[in-house]
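Down below is the structure, laid out as structure tokens.
The values are calculated or read from the model by the stated rules, or taken from the named source; none is laboratory data. Keep in mind that what you see is a predicted model, and the values were worked out from it rather than measured. We place every Cβ from the backbone using ideal geometry, glycine too, and count neighbours over all the protein chains shown. Side chains included, ligands, DNA and RNA excluded: accessible areas come from the protein's heavy atoms. Shrake-Rupley method; radii C 1.70, N 1.55, O 1.52, S 1.80 Å.
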Amino acid sequence: MAQPDGRHVSEETHGTFKSYTIGYICSIVLTVIPIAIVLNGWLDGMANAIVLMTAAVLQLAVQLLFFMHLREEKKPRYNLISLLLGLVIAVVIVAGSMWIMTYNMVAL
């Protein structure tokens, strides 16, 4: 929105230093935990996969809430619908790729 003197005023809200710091620390922790688990071999099999996927989902939530400001939008419903559509497309692509790789009879 332009002011009468030609300056532009941004109506978007941004996070505070405190929220960025909390988000950054959470991101670092959610990155270090899976690295430590994998490099040290603390978990095997399904437990390893569950911890890694949980950390990935939490990392996504931290990125969306603290850095993408999903909760601070004037109309967060549109952003949420776009996000859900993107997630559905990503899940279909990943699940379809895994299904093809698992049941591909040509590669046998």
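Considering every residue within region 84-107, establish whether at least one is open to solvent by 90 Å² or more (accessible area, probe 1.4 Å), assigned to a loop (DSSP other than H, G, I, E, B) and either touching an Asp or Glu at 6+ places or on another chain (Cβ under 7 Å) or among the hydroxyl-bearing types (Ser, Thr, Tyr) (or both). Checked against the condition, which is being open to solvent by 90 Å² or more (accessible area, probe 1.4 Å), assigned to a loop (DSSP other than H, G, I, E, B) and either touching an Asp or Glu at 6+ places or on another chain (Cβ under 7 Å) or among the hydroxyl-bearing types (Ser, Thr, Tyr) (or both), region 84-107 yields at least one hit.
Among the residues making up region 70-108, those that are at pLDDT below 75 and closer than 20 Å to residue 30 by Cβ are 70, 71. How many residues, within region 83-108, are farther than 28 Å from residue 70 by Cβ and polar (S, T, N, Q)? So the count comes out to 2.
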